[in-house]
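Visitor: First the structure, then my questions, so here it is.
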Amino acid sequence: MYNYPVLIHYHRKDEAYQSCNFSKRPADSVEFVKEQEYFGEKFSFTQSSETPLEQMVFTVDKDGVSKEYPIRFNHYPLLTEVWILDGDDTIYYSENPAIASPHYKDQNPFAFDKAINSASFDHHWGYQGELGCQVSEEETSFKLWSPTATTVQVVVYESASNDAPILKTYEMQRGNSYSYSHKDNTIGVWSLTVPENLAGRAYQYQINFPHHQSLTRDPYTIATSPDGKRSAILSEKERQVEGF
């Protein structure tokens, strides 16, 4: 028996989800698990088959009019995740092109460029300055490159142990300088300077995006808490490696 995990995000500008009937083919006894989410309605289920499958069909029926969406399965047994919009015949296999669609209520026309045009994205958002955490006797500075974030906070913990409580949460500020020189192009960079030496403590970034949020360690960190989930703040002396 083959079991294909599937996650479908479905969006309607009119939000008339209660007026729709949803079905799938091949049909089986497994029902949809349906939830509301930022995109609209989310359907999760497992498509079972005694033989390998290449695709399935998701059908939406409203007022006697049916629309079929053929969905190509990901490599078995990986999750197949798609974004479908009413009025748009394209089946999207990643989020950014979907939210760039004119059929999405909160359309972000720049999202499609981020998905397919890496050169344009780099030209607009690229940065070549120092990132991460820097410590001196008088202050501690943080810099994070996260151009798609809406807000970012630094969560500082009392120590670098796994279960240390929160000491304080600081708001980071987004850069506002756009330049063709990546050294000066700070519009995708979030910064914070704390007038205090925070060596010996740990931190994480609370990053908020348009449709989700993430609490994570610093991707530019050079030391972590024992479990690897938090970034440790090292003094200048601790950063020195003997022999270098």
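Any read-out appearing in this document is the output of simple, stated calculations on the displayed coordinates, not a laboratory observation. This one's a predicted model, so the numbers in the text were calculated from it and none came from an experiment. All Cβ positions, even for glycine, are placed from backbone atoms using ideal geometry, and neighbour counts span all protein chains on display.
Visitor: Those residues that are in contact (Cβ under 8 Å) with a residue 24 or more places away in the chain and either closer than 10 Å to GLY126 by Cα or hydroxyl-bearing (Ser, Thr, Tyr) (or both), I need them from region 182-194; list them, please. Give the steps one after another, and end with the answer.
Guide: Going residue by residue through region 182-194, those that are in contact (Cβ under 8 Å) with a residue 24 or more places away in the chain are 182-183, 185-194.
Scanning region 182-194 gives HIS182, LYS183, ASN185, THR186, ILE187, GLY188, VAL189, SER191, THR193.
Visitor: What pairs come up if the first residue lies in region 205-224 and is free of Cβ contacts under 8 Å to residues at least 60 places away in the same chain and outside any strand (DSSP E or B), the second is of a type in the set (S, T, N, Q) and surrounded by 15 or more Cβ atoms within 10 Å (Cβ to Cβ), and their beta carbons are under 7 Å apart, counting only those six or more places apart or on different chains?
Guide: Pairs that qualify, where the first residue is free of Cβ contacts under 8 Å to residues at least 60 places away in the same chain and outside any strand (DSSP E or B) and the partner is of a type in the set (S, T, N, Q) and surrounded by 15 or more Cβ atoms within 10 Å (Cβ to Cβ), are ARG217/GLN204; ARG217/THR224; ARG217/SER231.
Visitor: Another question, if that's okay. If LYS237 satisfies every condition in (1) part of a helix (DSSP H, G or I); (2) surrounded by 14 or more Cβ atoms within 10 Å (Cβ to Cβ) but one, which is the exception?
Guide: LYS237 satisfies every listed condition except (2).
Visitor: Can you pull out the residues in region 37-84 that are among the aliphatic types (A, V, I, L, M) and within 20 Å of the chain's Cα centre (by Cα)? Steps first, please.
Guide: First, the residues of region 37-84 that are among the aliphatic types (A, V, I, L, M): 53, 56-57, 60, 65, 71, 78-79, 82, 84.
Hits for region 37-84 are LEU78, LEU79, VAL82, ILE84.
Visitor: Filter region 87-104 for residues that are out of contact with any helix residue (DSSP H, G or I) (no Cβ under 6 Å at 6 or more places or on another chain) and crowded, with 18+ Cβ neighbours inside 10 Å and give the result.
Guide: ALA98, SER101, TYR104
Visitor: Taking the condition of being in contact (Cβ under 8 Å) with a residue 24 or more places away in the chain, exposed (fewer than 13 other Cβ atoms within 10 Å of the Cβ), among the acidic types (Asp, Glu) and under 22 Å from TYR4 (Cα atoms), how many residues in region 38-64 meet it?
Guide: 1
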